[in-house]
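Asks: Take this structure, written in structure tokens, and hold onto it; I'll ask about it next.
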Amino acid sequence: QVQLVESGGGFVQPGGSLRLSCLASGFTFSRYAMNWYRQAPGKERELVASISSGGGSSTKYADFVKGRFTISRENAKNTVYLQMNSLKPEDTAVYYCKGGAYWRTVASDYWGQGTQVTVSS
């Protein structure tokens, strides 16, 4: 069956970095656009970054992470990454990996269970 398993979350001080990973299985990874979302306590889930299928030649970022976060993919490992630099307390959230539509959500998308990122001094 389809599985998306996120890892790499944790506790980091402001200004620090983390790299999230999402390992996919159960579908042809290279054929799917991949995305990262996040949800902070009491807030709606929001789109963070997207990368196109295949070689990932197209990427897109939410304004609040532009210049700080980088999405990438490694099809040989069925893995998508989110490199997060210059982290801020407002980046604290559960981060989710999604496979399927690029920069939007459709019913047939695949979702992971999430990984917690906490940015605090």
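The values are calculated or read from the model by the stated rules, or taken from the named source; none is laboratory data. Keep in mind it's a predicted model, so treat the numbers as computed, not measured. Neighbour counts run over all protein chains shown; Cβ positions are idealised from the backbone, glycine included. With ligands, DNA and RNA removed, areas are computed over all heavy atoms of the protein, side chains included. Shrake-Rupley method; radii C 1.70, N 1.55, O 1.52, S 1.80 Å.
Asks: Within the range 62-80, is even one residue of a type in the set (Gly, Ala, Ser), out of contact with any Cys (no Cβ under 8 Å at 6 or more places or on another chain), open to solvent by 60 Å² or more (accessible area, probe 1.4 Å) and not in a strand (DSSP E or B)?
Replies: So far as the range 62-80 goes, yes, one or more of its residues are of a type in the set (Gly, Ala, Ser), out of contact with any Cys (no Cβ under 8 Å at 6 or more places or on another chain), open to solvent by 60 Å² or more (accessible area, probe 1.4 Å) and not in a strand (DSSP E or B).
Asks: Cβ-Cβ below 9 Å, separation at least six or inter-chain, first residue in the range 99-121 and farther than 17 Å from GLU44 by Cα, second in a loop (DSSP other than H, G, I, E, B) and of a type in the set (Lys, Arg): which pairs?
Replies: Qualifying pairs under 9 Å: VAL119/LYS88.
Asks: Can you tell me which residue in the range 4-27 is farthest from the chain's Cα centre (by Cα), limited to those that are surrounded by fewer than 13 Cβ atoms within 10 Å (Cβ to Cβ) and within 14 Å of ASN78 (Cα to Cα)?
Replies: Per the criteria, the residue is GLY26.
Asks: Let me ask you something else. For the range 20-60: of the residues being touching a helix residue (DSSP H, G or I) at 6+ places or on another chain (Cβ under 7 Å) and assigned to a loop (DSSP other than H, G, I, E, B), which is modelled with the lowest pLDDT?
Replies: Looking at the filtered set, the residue picked out is GLY54.
Asks: Output the number of the condition that ASP63 fails; it satisfies all remaining conditions of (1) modelled with pLDDT of 95 or more; (2) over 25 Å from VAL12 (Cα atoms).
Replies: Exception for ASP63: condition (2).
Asks: Picking from SER57, SER25, SER52, which residue would you name as being small (Gly, Ala, Ser), over 18 Å from VAL117 (Cβ atoms) and free of Cβ contacts under 8 Å to residues at least 24 places away in the same chain?
Replies: Every option except SER57 fails the conditions.
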